[in-house]
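The structure appears right after this line, and notes come after that.
The values are calculated or read from the model by the stated rules, or taken from the named source; none is laboratory data. All figures in this text were calculated on a predicted structure; none of them were measured in a lab. Using ideal geometry, Cβ is built from the backbone for each residue, glycine included, and neighbour counts are taken over all protein chains shown. These accessible areas exclude ligands, DNA and RNA; they are computed on the full protein's heavy atoms, side chains included. Shrake-Rupley method; radii C 1.70, N 1.55, O 1.52, S 1.80 Å.
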Amino acid sequence: MWTTCQILARERPFFAMIKKLRSAIILFLLVVKIIFRSFLAQVFRVVHSVLSSLRIAWRTQTILSRYNFLLIFLTTVAILVIVGCNSGTTEIEAKHTSSTVVQSPVETKVVTHALGEVEIPANPKRIVVLDESLLLDPVLALGVEPIGVISCQGCEENFRGIPDELVTGIPRVGSLGEPSLEKVIALKPDLILVRTWFKDSYDLLSKIAPTVMSDFFSMYDFKERLRYMAQVLGKSDRAEELLTQYQNRIQQLRQQLGNQLETKTISVIYLTGSADVFYTYNPDFLAYGQIINDVGLKLPLVQQNQKEWELTLSIEVLPEYDADVLFVMTEHLSTKFKEANPEPLSFLKQPIWSQLKAVQNNQVHKVNWTVGGPIGANRVIDDLYKYLVKTP
């Protein structure tokens, strides 16, 4: 009976009908009880008058008592069943009511991003970062662990400038060129952080969760990017702490370098292809250039005066980029060249390199300075200590 009642009570529209039915049943049983007792009383009188002479009226009374007990028993059972149904109905009503109660709205805020404004949670908890360095670095530095990230497929590091231990255990939702929207959806994020090269996918992403899109060229300064990410994530106090720590390290390095700041030059290039071509970037646009500028180190005039975001140059003009210390990045070298030349500085075998002052003084160092935030900035500072101050 309980199961039947609960099935009947699954849908809310039936609740009122069940209550009316219960009342009708109770009324019906009361009427039956009255009629039945009246009928038994008449039977008793007839039987009693007939059998009174035989002095067996007491047996009739016993029978009547038994019938009366039966009636009371049946009535009690019926009432218990109805009460049980009503209890089941009430329980289901309570569950239905609780399941349809609208939760308190999540506190939100409006932030400006590359495509305008977007409303996001004031304190997002489930963040997917569709970037492996420029956005991921500041997010991790602020103490926020995303629920999903993408990696840099084909790069020397899956997460450039970020130690592996900081991303171990974070689910990957594809690579820089091929993020998986299915995996993003499965993670149920409440915020997605992305750069403008996913601009064509913005509508799709914003249907999954509020999406904040960052434009590199309007926010290329890594310190400004850190502050922006902190604003989005509600971590502005932590960002200022990180920047204070950064400035302290810069000042300590400047003190250690002393007169070298006036006398020593450094140069930074990216080798590509088969080490017969190299890139140089406008130092203002990349974190390593900003760090070098904060420290006060000097670049060759040709790099200081570069206006273009990027220049692709033949190895024949490499001597123009010579300096006291030359830092070389090799992540853009072809896979074929790396497999054929596994030694880190194998490119130095080419004759043109022997003309460089940095090579003659054994001051060419392979580094990986493609970094995006405070974590990677510490790597650059560590390398400057290592190769210029000669301390750990």
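Scoring 325-333, 226-234 by mean Cβ neighbours within 10 Å over their residues and listing the highest first yields 226-234, 325-333. Each residue, GLU182 and GLU320, gets one label point 7 Å from its Cα in the Cβ direction; the gap between the two is 5.0 nm. Across the range 324-331, rounded Karplus estimates of 3J(HN,Hα) from the backbone phi angles (6.51 cos²θ - 1.76 cosθ + 1.60, θ = phi - 60°) give 4, 10, 10, 9, 10, 10, 10, 5 Hz, Gly and Pro being marked x. Looking at the range 277-373, the accessible area is 47 square angstrom per residue; that uses a 1.4 Å probe and ignores ligands, DNA and RNA.
Would you please give the FRET efficiency between GLN231 and LEU345, computed as 1/(1 + (r/R0)^6) with r the Cβ-Cβ distance and R0 = 45 Å, to the nearest 0.05? Computed FRET efficiency for GLN231 and LEU345: 0.60. Subtracting the Cα-Cα distance of GLU107 and LYS307 from their residue separation scaled by 0.36 nm leaves 67.5 nm.
Applying 0.36 nm per residue to the separation of ARG238 and PHE285 and subtracting their alpha-carbon distance, the gain on full extension is 14.5 nm.
Modelled spin labels at SER334 and LEU204, positioned 7 Å past Cα toward Cβ, are 3.2 nm from each other.
Between LEU166 and LYS357, the contour length at 0.36 nm per residue exceeds the alpha carbon distance by 64.9 nm.
Note on LYS390: aspartates and glutamates with a C-alpha under 20 Å away, same-chain residues under 8 apart excluded, are GLU262, ASP294, ASP324, ASP382. Using a simple spin-label model with pseudo-atoms 7 Å out from Cα toward Cβ, ASP221 and SER274 lie 4.4 nm apart.
Annotation for the range 249-311: trypsin sites (Lys or Arg not before Pro) lying in DSSP loop with at most 15 further Cβ atoms inside 10 Å of their Cβ are LYS264, LYS307.
Carbon and sulfur: what percent of the range 248-392's accessible surface (1.4 Å probe)? Within the range 248-392, the accessible surface is 48 percent carbon and sulfur.
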